[in-house]
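S.K.: Before I ask anything, let me first share the structure, which is written out below as structure tokens.
The values are calculated or read from the model by the stated rules, or taken from the named source; none is laboratory data. Since the structure is predicted, the reported quantities are computational estimates derived from the model, not experimental observations. So basically every Cβ, Gly included, is an ideal-geometry build from the backbone, and we count neighbours across all protein chains shown.
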Amino acid sequence: MSWLRRDPGAAAGALVLALACASALLAPHVAPADPGIQDIVNRLAPPLSRSAGGVYWLGTDQLGRDILSRVVYGARVSLTVGLTAVALSAAVGTLIGVLSGYCGRLWDDLLMRITDVQLAFPSILLSLAIVAVLGAGVRNLIAVLAFSGWVGYARVARSSVLGMRRREFVEAARALGASHPRILRRHILPGVLPSMLTIASFSLGGMITAEAALTFLGLGVPASLPSWGGMLTDGAQYMAVAWWLATFPGAAIMLTVLATNLIGDWLRDALDPRAAGT
Amino acid sequence: MQRYIARRLVQAAVVLAGTSVLVFVLTHVIGDPVALLLPFQASQEQLAAVRHALGLDRPLWFQYVAFVRGALHGDLGLSVRQHVPALALVLERVPATAELALTALSLAVGLSVPLGILAALRRRTFIDRAALLFTIIGQSMPTFWLGLLAILVFGVTLRWLPTGGMGGWAHLLLPATVLGVFSAAGITRLTRASVLDVVAEDYLRTARSKGLRETAVIGRHMLRNAALPVVTWIGLELGTLLGGAAVAETVFSWPGMGRLAVQAIFARDFPVVQATVLFAAAVFVLATLLTDLLYAWLDPRIRYG
């Protein structure tokens, strides 16, 4: 636990992320109310309003739904979409990058040109275009985000494999008669994973923001599910009369993304001491 | 240098060709343009008739060649809703997007480059810590939320600035600042890191020991070398911003390309979506190409290599 004292930023990040995960997992137990229940009499009630049922700590929205409960439930969508998209893009990107670096030649050239093409697309526009073709929805959203995120892993994995391919421990394994799959699994992959983990941590924040942005534009999670991006859409419409509608879900997004960035910083410094402090 | 330029040009052409394939696959293979054109309740016969009329029943390679030939002549199809060339609709929006992008990036560079340099030169002081705090918060703040907060504070509560639309610097200030914050956070971080990278180099000690004034050491030797990665980053940032900031433009009702793309998606006007994506990708490829050429010119190791 000594790292907690050395890096209070990462400790705070871990705490916030743990809180977000806990509210996602335990939403029905920690949320004060059902996020879908409408209390029309108390619609647009400001934070700390009292009602027959209790206190609306963060106020209510235009349909009288409890904002605190919706923020708690919203963590489910953000974290599910974010974590799944990160896991998918990391797995695909690492696999492609490792194979590209290990096999080399034509395969490598082809894959690197594909990553060039994809890097040429501003990712939000690419996501918009794909969503326009496939249609909105949680599953398509995850696919789109995973598709826009794999390139970073592939690039980094490839270059670190290129550095490792001719190293003594790989040559030795090959001389001892190890098969290619065994070399990849036992010798190459463990060397690549730390940097993949760092990228994943940074990209989780980006995925959560992208999910919220697409949902905010009306192209992501359907309105029937409570989500931070969707709450911001409502909040934007009631900005002039009820500031709390947009403020709290936005703060939830920012704190979660901040937490993943702080953890990413710490991971990078811990795994690559040369980059520490930059 | 000439070989480098030639190689880079070929690379850009390959990327553009790949981009056209990606857009084609998206629009013609994964998505069905006819299904997007017609209302949901259209019959199979109606679909087939339109498919034939548009040449979509021909082999894929034939369609691709026709698509590329059209694109090269500036023909990206007609807008389904407005019945004018899709590219013309996109080009109409370019000035608004460019105005916003250039203002945002100027604000960002003007703030972040001095801040990054100062943070590196005064490492581990208050200013360094403040700069780091700014970068990490700036990079974590979703643009659309910052935009909503800015509208709430400066537009709704204080009534200092208009909440949306275009016209005059007052309309430009909020969206450009909001868009600039994210860029500024990245540039500050990179500037600080690049200056720290060169700060211990031998040539700086040489420059100091031959009696150069500190301003000359910093200006002529340190910053010139630290500038390289920062220039590349700013070029990429400009390329991205010129592609249209879909979210910020929507929040501030800014009539740019990003907002056009979002509106076109809701109107199921696919030729316009396609034209926006292709145009944005082309601008981005051009921006990276120019950045790389500028980089080569700035860095003698490439210029004479």
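S.K.: Of the residues A:G97, A:G93, A:G59, A:G101, only one is surrounded by 16 or more Cβ atoms within 10 Å (Cβ to Cβ), in contact with a strand residue (DSSP E or B) (Cβ under 9 Å, 6 or more places away or on another chain) and not hydrophobic (A, V, I, L, M, F, W, C); which?
M.R.: Only one candidate passes the filter, namely A:G59.
S.K.: Quick one: in region B:122-153, of everything that is more than 12 Å from every other protein chain (Cβ to nearest Cβ) and buried (at least 17 other Cβ atoms within 10 Å of the Cβ), which residue is nearest to A:A251 (Cα to Cα)?
M.R.: B:F134
S.K.: For region A:222-248, which positions are assigned to a helix (DSSP H, G or I), crowded, with 22+ Cβ neighbours inside 10 Å, more than 8 Å from chain B (Cβ to nearest Cβ) and not hydrophobic (A, V, I, L, M, F, W, C)?
M.R.: A:G229, A:G230
S.K.: Could I ask something else about it? For region B:1-71, which helices (runs of 4 or more DSSP H) that fit wholly inside it have 3 or more residues that are at pLDDT 80 or above?
M.R.: B:2-24, B:44-53
S.K.: Filtering region B:260-271 down to residues that are at the interface with chain A (Cβ under 10 Å from one of its Cβ atoms) and not in a loop (DSSP other than H, G, I, E, B), which residue is surrounded by the fewest Cβ atoms within 10 Å (Cβ to Cβ)?
M.R.: Among residues in region B:260-271 that are at the interface with chain A (Cβ under 10 Å from one of its Cβ atoms) and not in a loop (DSSP other than H, G, I, E, B), the one surrounded by the fewest Cβ atoms within 10 Å (Cβ to Cβ) is B:F266.
S.K.: Do you know which residues across region B:261-280 are among the β-branched types (V, I, T), in contact with a Ser or Thr (Cβ under 7 Å, 6 or more places away or on another chain) and touching a residue at least 40 places away in the same chain (Cβ under 8 Å)?
M.R.: Selection gives B:V272 alone.
S.K.: Any idea which of B:R7, B:R51, B:R58 is in contact with an Asp or Glu (Cβ under 6 Å, 6 or more places away or on another chain) and outside the structural domain of B:D269 (by TED's automatic domain parsing)?
M.R.: On the way: B:R7 fails: in contact with an Asp or Glu (Cβ under 6 Å, 6 or more places away or on another chain); B:R58 fails: in contact with an Asp or Glu (Cβ under 6 Å, 6 or more places away or on another chain).
Result of the check over B:R7, B:R51, B:R58: B:R51.
S.K.: Which condition number does B:T177 fail, the rest of (1) buried (at least 22 other Cβ atoms within 10 Å of the Cβ); (2) closer than 22 Å to B:W254 by Cα; (3) more than 12 Å from every other protein chain (Cβ to nearest Cβ) being met?
M.R.: Among (1) buried (at least 22 other Cβ atoms within 10 Å of the Cβ); (2) closer than 22 Å to B:W254 by Cα; (3) more than 12 Å from every other protein chain (Cβ to nearest Cβ), B:T177 violates only (1).
S.K.: Have a look at B:L107, B:L133 and point out the one that is under 25 Å from B:L241 (Cβ atoms) and either out of contact with any helix residue (DSSP H, G or I) (no Cβ under 9 Å at 6 or more places or on another chain) or basic (K, R) (or both). If you could, list the steps in order and put the result at the bottom.
M.R.: On the way: B:L107 fails: either out of contact with any helix residue (DSSP H, G or I) (no Cβ under 9 Å at 6 or more places or on another chain) or basic (K, R) (or both).
So the residue among B:L107, B:L133 that is under 25 Å from B:L241 (Cβ atoms) and either out of contact with any helix residue (DSSP H, G or I) (no Cβ under 9 Å at 6 or more places or on another chain) or basic (K, R) (or both) is B:L133.
S.K.: Please find, among B:G74, B:G55, the residue that is away from every other protein chain (no Cβ under 14 Å) and more than 27 Å from the chain's Cα centre (by Cα).
M.R.: Unique residue meeting the criteria: B:G55.
S.K.: Just the residues that are under 21 Å from B:G164 (Cα atoms) and either more than 11 Å from every other protein chain (Cβ to nearest Cβ) or surrounded by fewer than 20 Cβ atoms within 10 Å (Cβ to Cβ) (or both), please, taken from region A:198-221.
M.R.: A:G218
S.K.: If you check A:L176 against the conditions, is it away from every other protein chain (no Cβ under 11 Å), aliphatic (A, V, I, L, M), closer than 22 Å to B:S20 by Cα and more than 29 Å from the chain's Cα centre (by Cα)?
M.R.: no
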